[in-house]
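The values are calculated or read from the model by the stated rules, or taken from the named source; none is laboratory data. Worth saying up front: this structure is predicted, and the values here are computed from it rather than measured. Counting neighbours? That spans all protein chains shown, and the Cβs are built from the backbone with ideal geometry, glycine included. Ligands, DNA and RNA are excluded from the accessible area calculation, which covers all protein heavy atoms including side chains. Shrake-Rupley method; radii C 1.70, N 1.55, O 1.52, S 1.80 Å.
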Amino acid sequence: MEMTYYDHGTPAERWERARMFFDAKDYAAAARVLDGLVEEVPEQTGPRLLLARSYYHSAQLRRAETELRIIVERDPVEQYARLMLGRTLERQGRHEEAGPHIRLASALAGDFDTL
């Protein structure tokens, strides 16, 4: 396998590179870096969540949904992943399926007014 710019460096260097791409709103490039990083450290939530966010912002909604479902399966009370999963489902027109995730995210955030 040929190493590319997106694969080069230590995990910490790739994490920083991915965050720079994300902050610059180059979500597709951030996803390219994070895809390999998540494969290398699948147990870490941070890179997987940023990968999901990168997919979401680059309209790769099925991929975002897949990553978010992995996170909430591992950590059912991960509030931000729940919220993002709900928003991702809404963007796909799956409002009924999104509702429980958004309500749970609100409850986890302590926002009981929206329930």
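Using a 10 Å cut-off on Cβ atoms, rank the peptides 46-55, 98-107 from the highest mean neighbour count down.
Final packing ranking: 46-55, 98-107.
For Glu90, Glu13, Glu43, give the ranking by accessible area with the largest first, probe 1.4 Å.
Glu43, Glu13, Glu90
Per residue of the stretch 23-40, what does 6.51 cos²θ - 1.76 cosθ + 1.60 with θ = phi - 60° give for ³J(HN,Hα)? Whole Hz please, x for Gly and Pro, Karplus curve as stated.
Each residue of the stretch 23-40 in turn: 4, 7, 6, 9, 5, 5, 5, 4, 5, 5, 5, 5, 4, x, 5, 5, 5, 6 Hz.
Please give the net charge around Ser54, taking every other residue with its beta carbon less than 15 angstrom from that of Ser54, where Lys and Arg add +1 and Asp and Glu add -1.
+4
Between Lys25 and Gln92, 0.36 nm times their residue separation minus their Cα-Cα distance comes to what?
My answer for the length gained is 22.0 nm.
Semi-axes of the stretch 56-95's equivalent ellipsoid from the Cα gyration tensor, sqrt of 5 times each eigenvalue, largest first, rounded to whole Å? Before the final figure, lay out each step's value.
Details: eigenvalues 55, 22, 12 Å².
In descending order the semi-axes read 17, 10, 8 Å.
Please work out the average accessible area per residue across the stretch 48-114, using the 1.4 Å probe convention, and give it in Å². Could the numbers behind the result be given before it?
Details: 3610 Å² over 67 residues.
Heavy-atom SASA per residue in the stretch 48-114 reads 54 Å².
Out of these labelled values of log10 I(q)/I(0) by the Debye sum over Cα atoms at q = 0.14, 0.17, 0.23 Å⁻¹, (1) -0.54, -0.81, -1.48; (2) -0.58, -0.80, -1.21; (3) -0.64, -0.82, -1.25, which was calculated from the coordinates shown here?
The value computed from this structure is option (2).
Per-residue accessible area for Asp7 at 1.4 Å probe radius, Å² rounded to 10?
The value for Asp7 is about 40 Å².
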